[in-house]
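Below is one structure, written out as structure tokens; the observations come after it.
The values are calculated or read from the model by the stated rules, or taken from the named source; none is laboratory data. Owing to the predicted nature of the structure, the values given are computational and were not obtained by experimental measurement. In this analysis, Cβ positions are derived from the backbone assuming ideal geometry, glycine residues included, and neighbour counts consider all displayed protein chains. All accessible areas refer to the heavy atoms of the entire protein, side chains included, with ligands and DNA or RNA removed. Shrake-Rupley method; radii C 1.70, N 1.55, O 1.52, S 1.80 Å.
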There are 2 protein chains.
Amino acid sequence: MDFDLRDASNILRRTPATIRTILGDIPDAWLRGTEGPDTWSPFDVVGHLIDGEETDWIPRARIILAGGPNPAFVPFDRFRHLETNRRAEPAGLLDRFERLRAENVATLEGFRLTPAQLALEGIHPEFGRVTMRQLLATWVAHDLGHVAQIVRVMAKQYGDAVGPWKRYLPVLTR
Amino acid sequence: MDFDLRDASNILRRTPATIRTILGDIPDAWLRGTEGPDTWSPFDVVGHLIDGEETDWIPRARIILAGGPNPAFVPFDRFRHLETNRRAEPAGLLDRFERLRAENVATLEGFRLTPAQLALEGIHPEFGRVTMRQLLATWVAHDLGHVAQIVRVMAKQYGDAVGPWKRYLPVLTR
């Protein structure tokens, strides 16, 4: 499917409500459950999404739009949230993600990007030239991937409880 | 994590709202996109979840509770929905899932299952004796797995649009 700015904006706008529906008021054991050592809990994933709002997507879109001679992105720190949110409350994190995402979707829509602007390029620290269109498509796919991760991590908390059904539930062994 | 009846009920109750937040009013191309031939779209997944409400979880729980001499489950048809919903409207499917799930969670809570009842057994057509507790844990994990599937299938619609970021998005190659 080709990238569509309106679809992207609509999907990005929904993500906080999706995650709130899944995680709001859920017991802490579910929020903090992981897939094993050095893997993320649903709580950690929300922190990572917040980092994306603050340091990745819109900041990179601004670098591309600024159109300077060297539109290089600042490397994204995938582990920033683990320290930042050490003492954060889950409800506070959800509120923060919701607020940041609403601001960032409004910013994106405010850009009123033209097809020519969607073709502008920035420089990724690892794989070089990428377009605005690819950046925004990645924002969408990244959201969806992390929603999938949240529910997969939750499903795995019942990996033993399901007994012999485990073989019929690919989500438990992925 | 051990199975907990209240947690299970709470998670099961949320699933229709989660799916509606993700899919409600989304363009048809996103609802009908798949991962390739003979794989399911988000629309198909909702149909499959409806089949579970009508023929799997609560019917099997009733067979277990009835406690007859041969508490054998009726085999579940994983492809029933493909024919049933050939001409269904997405909005109608979401409404139907929401209504059925609300009824079934009310039925589950109405059972007021005791620990002894959670240990009662039924007979699965493939792997034999399973407990009520395992059946209900599977209902929960099955829900979460299919929510993960819906958003994974959506993410894959941007598998090309993300360009070189594909290597950083495991959801696109899973």
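Numerical summary
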quantity	calculated
Qualifying residue in the stretch A:11-29 (condition: touching a Ser or Thr at 6+ places or on another chain (Cβ under 8 Å) and closer than 28 Å to A:Gly128 by Cα)	no
Index of the failed condition, B:Phe76 passing every other in (1) within 14 Å of chain A (Cβ to nearest Cβ); (2) among the aromatic types (Phe, Trp, Tyr); (3) touching a residue at least 12 places away in the same chain (Cβ under 8 Å); (4) not in a loop (DSSP other than H, G, I, E, B)	(4)
Pick from the stretch A:132-174, criterion of a type in the set (Val, Ile, Thr) and more than 7 Å from chain B (Cβ to nearest Cβ), ranking: nearest to A:Pro42 (Cα to Cα)	A:Ile150
Scope the stretch A:17-50; condition part of a helix (DSSP H, G or I), open to solvent by less than 10 Å² (accessible area, probe 1.4 Å) and not aliphatic (A, V, I, L, M); matching residues	A:Thr18, A:Trp30, A:Pro42, A:Gly47, A:His48
Only one of B:Ala141, B:Ala137, B:Ala91, B:Ala106 that is hydrophobic (A, V, I, L, M, F, W, C), loosely packed, with under 13 Cβ neighbours inside 10 Å, at pLDDT 95 or above and assigned to a helix (DSSP H, G or I)	B:Ala106
Contacts under 8 angstrom Cβ, first residue in the stretch B:101-121 being polar (S, T, N, Q), partner open to solvent by less than 60 Å² (accessible area, probe 1.4 Å), 6 or more apart	B:Asn104/B:Leu12; B:Asn104/B:Glu53; B:Asn104/B:Trp57; B:Asn104/B:Ile58; B:Thr107/B:Ile58; B:Gln117/B:Leu65; B:Gln117/B:Phe111; B:Gln117/B:Met132
Condition check for A:Asp7: within 13 Å of another protein chain (Cβ to nearest Cβ), farther than 14 Å from A:Arg101 by Cβ and among the acidic types (Asp, Glu)	yes
